[in-house]
Amino acid sequence: MAATFSESWHQVAPLQLALLPSVQVHKQVYRGQEWYVLQDVCSQKFFRVRPDGYRFICALSPKETLADTWQRFVERYPEQAPGQDDVIQLLAQLHHSNLLFFRSESDNDAIFKRFRQQKSKENFGKLLAFLYLRVPLWNPNDFLNVWRGVLSPLFNPWALLLWLLLVLLGGKAIVENWDSAWQQGQGMLALGNLPLLYISVFLLKLFHEMGHAIVCKKYGGEVHTMGVMFIVFTPLPYIDATASWSMRSRWQRTLVGAAGMYVELLFAALATLIWVGTGPGLINSLAFNILVAGSVSSILFNGNPLLRFDAYYMLADAVDIPNLYQRANQQWLYYADRWLFGTVQAESPAHSFSEALWLSSYAVLSLFYRLFVMSLITLMVADIWLGLGFIVVIMMLFVWLLIPLQKLLKYVLISPRLYRNRGRARAVTVVAVAGLVALISLLPLPYALEAPGVIEARQTLPVFSGAGGRLMALEVRPGDSVVEGQLLMRFDNEELLQDLQITRHQLQEAQWRSRQALDEAGSDPAPFLRQIEALQQRQENLLKRQAQLSVRAPQAGIWLGSSLQPRLGSIFNQDELLGQVTVTGSYRFIGVVSQTQAAALFGAPLERVEIKFSGQSSQTLVSHALQFIPFQHNVLPSRALGIAGGGDILTQNDGTGREVTREAFFQLAVDVPADSAIALMPGITGYLRIPLGSRTLFWQVRQGLLQLIQRRYLI
């Protein structure tokens, strides 16, 4: 509780004020404690207040001054009466939410000053949120009232059982067709697929938002705003369902928040079944895009409570902690204020130990995840236009660093809360800032270079379609071990068989004519004998090609031919490459480093390297046989290292059909030691880690950013 008296009380004491007539009151229970939610039905503004504060608000009247109301309240409730500082803070928050009615002598200068300040704050907020703008377009409340009886049953228990069945069927279909889904997913960001992807996302978001609105209306809420929001300049639909905040049942509020993901996962499941049941074409591609957009969006964004989307509000309602994000940040500010600055009267926003634990944990986790998401958004924006990326970086520094620093300095220098311990607060601030600068710029930390790469076999034999023809069957799968002479696949070549049959008939005819010439006097059998020899040679060649219709392993090893399954039934040319058989037990890892990274390797002692493989990150191989190849390359050792294959290296077509890197690179070759705990196979990707001594954190971050800009934007 703040002090009973305040130096600023004289400024508000003469005011005559009360709650607006349009304010509705909803009693709610959070974590076993009573609260009152004030809602302005006109502006849809909400404010939450404890019972003591609500009792004082109810005592306000435009017929008497604030001073008289407070004095009468103190006399009536001496133990529960708020202090003057508490009253000032409470009224300021109510005024900010536009929930107060004033009947006092007007102060035009002060009114216009507050108006200008509020307008300035709104404009500044729009400037900071220029990547997340909202444009209201339609009031769907009447539509929802008319169709409420039809739409509400879509969210009853029977509909939930049907939803669960469809989601399980969709999940089963994805598991059974995972290889096909992964292969088709490699082209999701291809230029030709982007229109389908955007249409899929837009449609999903439209039904997602309508799901929120339908469930909100089902439980009696009002939904008056639907429009378009621009996220990183991409228009998507949105609906304002904040009326759910006034619902007494936290489970009703949670269900309103879950309705959007419920709808998205339903459409993703239906799209999965359509995708599995259709062949290549527009319907198949659209279904696949809806599948990916519905599942990925629900899990990574709307389903992640660390972002202020659906799962955030669901978590806040489920654990009974409203305003979770704001109060989590306030909790850490309380720790700093109480334990670092020594402000004894500092009050925690948590009302219990468990609530303090929730707030403390959420603040840390959400901070790091938001930084991660903002970094991804920055990269996406920079890919559109590099200059815009720099603007986003400046805005992030402004919002995440400069504004908090300005608030900290203002609090430390002039806040009246620190009048007793301002010296300690200033000293702690100076020491903390100086220590942070020293940690970043002076303290050396271990530094290592990481290079993506791929496993290669030292001995590999290619396999060709000797006779060509139609691929009829695959006898082994990619990655299977084979022995020399083992059948890999079978072809059918009707033209070859017809040629063989015709040649046999021609040979029989030539042999018959040769015998006839020998029986007839004066006939020369020599031409027929030469014809028989030519036909026998042709038959022998055709028989060899017939034998080649059964393709066999040229040596023992591992069969690699991952692109053949989709081509079953297709025609192959003669001597077309089918795959390769690699000898097991002898591998090397080929790493790729940019020119900037390579500069750090010249003259460095390359004595020890670590290798981690994709899907086996818990295992590490150590090698001492690293070879730096000082020649520039522009063709990757594997397409899996490029952007199109899921890697990080930018590639482009050179006009002849080859994929080349946009920037020349160097290669590192490492002999891979045998290790029975790690499954090795050619084509497996991973990373080389090369220790290069110690560098300051500032140097490492600067070096990483320079490498990123050079690699991604060729600057």
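The values are calculated or read from the model by the stated rules, or taken from the named source; none is laboratory data. None of the values given here were measured: they were computed from a predicted structure. As a convention, Cβ positions derive from the backbone with ideal geometry for all residues, glycine included, and neighbour counts pool all protein chains shown. Areas reflect the complete protein model, heavy atoms only, side chains present, ligands, DNA and RNA absent. Shrake-Rupley method; radii C 1.70, N 1.55, O 1.52, S 1.80 Å.
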May I have the extent of the alpha carbons of the range 424-543 along their three principal axes, as whole Å values ordered from largest to smallest?
-> 130, 26, 24
With every protein chain left in place, what is the accessible area per residue of the range 17-102 in square angstrom, probe 1.4 Å?
-> 50
When the charge dipole of the chain is computed with +1 at the Cβ of Lys and Arg and -1 at the Cβ of Asp and Glu, the Cα pointing farthest to the positive end, of Gly294, Thr620, Tyr411, is that of Tyr411
Accessible surface, per residue, of the range 251-357 when the full set of protein chains is kept, probe 1.4 Å, Å² = 44
May I ask you to list the residues of the range 270-289 whose amide nitrogen lies under 19 Å from a point 7 Å from Cα along the Cα→beta-carbon direction of Ala190?
-> 275-276, 278-289
Give the accessible area for Trp138 in Å² (nearest 10); use a 1.4 Å probe, count only protein heavy atoms, and leave out ligands, DNA and RNA.
-> 120
Of the residues Gln707, Pro78, Val431, the Cα lying farthest along the dipole of the chain towards its positive end, which is defined by charges on the beta carbon of Lys, Arg, Asp and Glu, belongs to Pro78
Any DSSP H helix in the chain with Cα axial reach of 27 Å or more and mean Kyte-Doolittle score of at least 1.6? Listed by number, the hits are 157-176
Report, by chain and number, residues whose modeled amide H sits under 5 Å from the one on Ala448, excluding near sequence neighbours (fewer than 5 apart, same chain).
-> Leu692
Given charges of +1 on the Cβ of Lys and Arg and -1 on the Cβ of Asp and Glu, with all other atoms neutral, how large is the dipole of the chain about its Cα centre, in debye to the nearest 20?
-> 2280
Roll a 1.4 angstrom probe over the protein heavy atoms and tell me the percent of accessible area of the range 164-269 that is carbon or sulfur.
-> 73
The set of residues whose placed amide H lies less than 5 Å from the amide H of Ile231, leaving out same-chain residues fewer than 5 positions away, is Leu236
Relative to the present Cα-Cα distance, how much length would full extension add between Val364 and Arg308 at 0.36 nm per residue of separation?
-> 18.7 nm
Solvent-accessible area of Lys407 with every protein chain in place, 1.4 Å probe, in Å² to the nearest 10 = 130
For Ile391, the accessible surface traced by a 1.4 Å probe with all protein chains present amounts, in square angstrom to the nearest 10, to 80
Mean shadow of the range 197-336, computed from the convex hull of its alpha carbons, in nm²?
-> 10.0
Return the calculated 222 nm mean residue ellipticity for the chain, to the nearest 500 deg cm²/dmol, obtained by summing -39500 (n - 2.57) across DSSP H runs with n ≥ 4 and dividing by the residue count.
-> -15500 deg cm²/dmol
Work out the charge dipole of the range 354-428 with +1 on the Cβ of Lys and Arg and -1 on the Cβ of Asp and Glu about the Cα centre, then indicate which of Thr378, Asn421, Gly389 is farthest towards its positive end.
-> Asn421
Determine, from the Cβ-Cβ distance of Trp332 and Ile502 and an R0 of 56 Å, the FRET efficiency 1/(1 + (r/R0)^6), rounded to the nearest 0.05.
-> 0.05
Distance in nm between label sites at Gln71 and Ile199, each 7 Å beyond Cα in the beta-carbon direction?
-> 7.3
Once both labels are modelled 7 Å past Cα along the beta-carbon direction, what's the Asn177-Glu509 spacing in nm?
-> 5.2
Compute the FRET efficiency between Ile629 and Leu705 as 1/(1 + (r/R0)^6), taking r as their Cβ-Cβ distance and R0 = 25 Å, and round to the nearest 0.05.
-> 0.40
Volume in Å³ per residue [convex hull over Cα atoms, computed for the chain] | 235
Approximate spin-label separation Ala438-Glu484, in nm, with each point projected 7 Å along Cα-to-Cβ = 7.0
Lys and Arg at +1, Asp and Glu at -1: neighbours of Leu560 with Cβ under 13 Å from its Cβ sum to -1
Would you rank Lys217, Lys63 by solvent-accessible area, highest first, keeping every protein chain in place and using a 1.4 Å probe?
-> Lys63, Lys217
So if we plug the beta-carbon distance of Leu236 and Gln80 into 1/(1 + (r/R0)^6) with R0 = 51 Å, what FRET efficiency do we get, rounded to 0.05?
-> 0.60
